[in-house]
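> One structure follows; several queries about it will come next.
The values are calculated or read from the model by the stated rules, or taken from the named source; none is laboratory data. Keep in mind it's a predicted model, so treat the numbers as computed, not measured. Backbone-built Cβ (ideal geometry, glycine too); neighbour counts: all protein chains shown.
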């Protein structure tokens with residue numbers, strides 16, 4: 001049986017066999033599962049033999065097709081932390097600002113500028129750069 005290359009602390013059942021997974025994946029599977037119905041989920045660390053470079057390379061090239069035919073794509077960022085609410089609140093503010101002002105460029109000089117506009121964060125409806133939301137959002141990346 002093939003094993004993940006990354007040390008694991010949890011085991012799941014694949015068919016009738018045990019498979020070691022990292023705690024973050026274990027948490028994702030518990031959160032994303034449907035208790036009453038079957039759910040098919042493509043998880044690259046399980047579906048691709050991580051110790052086989054050729055298989056990994058071939059499958060990575062197929063990822064566009066895999067995702068294009070998926071009925072839904074889920075992204076697991078991990079178990080929510082206390083500051084995540086600030087980060088996702090900031091993302092909602094970005095959405096509102098995009099709807100009102102269109103797309104713009106954010107750089108690290110505290111300027112937001114687009115082709116025809118230059119405004120402060122506050123003018124764009126976003127919190128100032130010293131707000132907790134920015135640091136919380138940075139931790140997600």
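> Being modelled with pLDDT of 90 or more, outside any loop (DSSP other than H, G, I, E, B) and surrounded by 13 or more Cβ atoms within 10 Å (Cβ to Cβ) is the requirement here; does residue 12 meet it?
On the way: modelled with pLDDT of 90 or more: yes; outside any loop (DSSP other than H, G, I, E, B): yes; surrounded by 13 or more Cβ atoms within 10 Å (Cβ to Cβ): yes.
So residue 12 fits the description; yes.
Matching residues to (1) modelled with pLDDT of 85 or more; (2) within 30 Å of residue 27 (Cα to Cα):
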| site | (1), (2) |
| --- | --- |
| 77 | no, yes |
| 81 | yes, yes |
| 84 | yes, yes |
| 91 | yes, yes |
| 96 | yes, no |
| 102 | no, no |
| 108 | no, no |
| 115 | no, no |
| 118 | no, no |
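> Let me ask something else about it. Could you please let me know if residue 73 is surrounded by 10 or more Cβ atoms within 10 Å (Cβ to Cβ) and under 22 Å from the mean Cα position of the chain (by Cα)? Walk me through how you get there before you give the answer.
Numbers: surrounded by 10 or more Cβ atoms within 10 Å (Cβ to Cβ): no; under 22 Å from the mean Cα position of the chain (by Cα): yes.
So residue 73 does not fit the description; no.
> Within segment 121-133, can you find the residues that are at pLDDT 80 or above, within 14 Å of residue 92 (Cβ to Cβ) and in a helix (DSSP H, G or I)?
Within segment 121-133, 133 is the sole residue that qualifies.
> So residue 19 ticks every box in (1) assigned to a helix (DSSP H, G or I); (2) surrounded by 13 or more Cβ atoms within 10 Å (Cβ to Cβ) but one. Which box is left unticked?
(1)
> Right, next: Out of the residues in segment 52-70 that are part of a loop (DSSP other than H, G, I, E, B) and at pLDDT below 90, which is farthest from residue 9 (Cα to Cα)?
Keep residues of segment 52-70 that are part of a loop (DSSP other than H, G, I, E, B), which gives 52, 69-70.
From the residues that got through so far, the ones that are at pLDDT below 90 too are 69-70.
Working: 69: 32, 70: 29 Å.
Going through the qualifying residues, I end up with 69.
> Then there is this: So, residue 59, is that one touching a residue at least 12 places away in the same chain (Cβ under 8 Å) and touching a helix residue (DSSP H, G or I) at 6+ places or on another chain (Cβ under 6 Å) or not? Break it down into steps so the answer makes sense when it comes.
On the way: touching a residue at least 12 places away in the same chain (Cβ under 8 Å): yes; touching a helix residue (DSSP H, G or I) at 6+ places or on another chain (Cβ under 6 Å): no.
Judged against the criteria, residue 59 is not a match.
> Which is outside any loop (DSSP other than H, G, I, E, B), at pLDDT 85 or above, surrounded by 14 or more Cβ atoms within 10 Å (Cβ to Cβ) and touching a helix residue (DSSP H, G or I) at 6+ places or on another chain (Cβ under 9 Å), of 29, 25? Give the steps one after another, and end with the answer.
Values: 29 fails: touching a helix residue (DSSP H, G or I) at 6+ places or on another chain (Cβ under 9 Å).
Residue meeting the stated conditions: 25.
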